[in-house]
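Trainee: Please see the structure below; I have some questions.
Rule-based calculations on the coordinates, nothing more; no lab input. The shown structure was predicted, so the numbers you read here are calculated from the model rather than taken from an experiment. Here the Cβ positions follow ideal geometry from the backbone for every residue, glycine too, while neighbour counts run over all protein chains shown.
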Amino acid sequence: MSEAWTEALERLSGGHFLEELDRALSEVAEVVVDVGTRGTVTASFALTALEGQGQPGVVIATTIRQGMPAPPARSTVYYAHEGRLQTADPRQMRLPFRAVYAAEEIIRKTEEP
């Protein structure tokens, strides 16, 4: 890459292009790490010739697009039974759960051999 183009990249968008590109890459990379799927950053350059001047002048407009990965969809398991959705499997027996509290004193002490 010629030095002239590296200098041009530093001056694009009023000198903010590389900062904007760095920010876009950092933001997408952070989401990619959190979500675990692919993201994209696209930098576009639109070049337009200066009209009526007869010289090789061009105007360069930049665009940076971020393609953030979508987080995985959250899901919940339901059971369809008798026309209704239920969170518990209707084929399984419901057990009577109750709280069990620890005894306040030792009921039986075992002797060590």
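Trainee: For VAL58 and GLU19, what is the calculated FRET efficiency with R₀ set at 22 Å and r taken between the beta-carbons, to the nearest 0.05? Intermediate values should be presented prior to the final figure.
Mentor: On the way: r = 22 Å, r/R0 = 1.02.
Between VAL58 and GLU19 the formula returns 0.45.
Trainee: When you have a sec, figure out the Kirkwood radius of the stretch 3-67 from all distinct Cα pair distances and drop it here in Å to one decimal? Numbers along the way, then the final one.
Mentor: Working: mean 1/r = 0.0735 Å⁻¹.
Roughly 13.6 Å, rounded to one decimal.
Trainee: What length, rounded to one decimal in nm, is gained on full extension from PHE97 through to GLU111, with 0.36 nm per residue of separation minus their alpha-carbon distance?
Mentor: Working: separation 14, 0.36 × 14 = 5.04 nm, distance 3.37 nm.
This chain segment gains 1.7 nm when fully extended.
Trainee: Which longest uninterrupted range of the chain lacks any chymotrypsin sites (Phe, Trp or Tyr not before Pro) assigned by DSSP to a loop state (not H, G, I, E or B) and surrounded by at most 13 other Cβ atoms within 10 Å?
Mentor: In short, 1-77.
Trainee: For the chain, what value does the Rg/Rh ratio take when both radii are computed over Cα atoms and Rh is the Kirkwood radius, given to two decimals?
Mentor: Working: Rg = 32.5 Å, Rh = 21.7 Å.
Ratio of gyration radius to Kirkwood radius: 1.49.
Trainee: Angle, helix 17-35 long axis vs. longest principal axis of the chain, Cα atoms, 0 to 90°, nearest 10?
Mentor: The angle comes out at about 20 degrees.
Trainee: I need to check one value: relative contact order of the stretch 3-67, counting alpha carbon pairs closer than 8 Å and at least 6 residues apart, in percent. Mind dumping the intermediate values first?
Mentor: Details: 72 pairs, mean separation 19.6, N = 65.
Over the stretch 3-67, the number comes to 30 percent.
Trainee: If packing is taken as the average number of other Cβ atoms within 10 Å across a peptide's residues, how do 80-93, 24-37 rank, most packed first?
Mentor: Numbers: 80-93: 8.7, 24-37: 13.3.
Top to bottom by mean Cβ count within 10 Å: 24-37, 80-93.
Trainee: Related question: What FRET efficiency comes out for THR40 versus VAL77 if R0 is 30 angstrom and r is the Cβ-Cβ distance? Round to the nearest 0.05. Could you put the intermediate results ahead of the total?
Mentor: Working: r = 33 Å, r/R0 = 1.10.
The pair THR40/VAL77 has a calculated efficiency of 0.35.
Trainee: Sticking with this structure for a sec: Quick one: helix 3-15 against the long Cα principal axis of the chain, what's the angle to the nearest 10°, folded into 0 to 90?
Mentor: With rounding to tens, the tilt is 70 degrees.
Trainee: Take the alpha-carbon positions of the stretch 50-91, form their convex hull, and give its projected area averaged over all directions (one quarter of the hull surface) in nm². Please report the intermediate quantities before stating the final value.
Mentor: Numbers: hull surface 27.5 nm².
Convex hull of Cα atoms, orientation-averaged projection: 6.9 nm².
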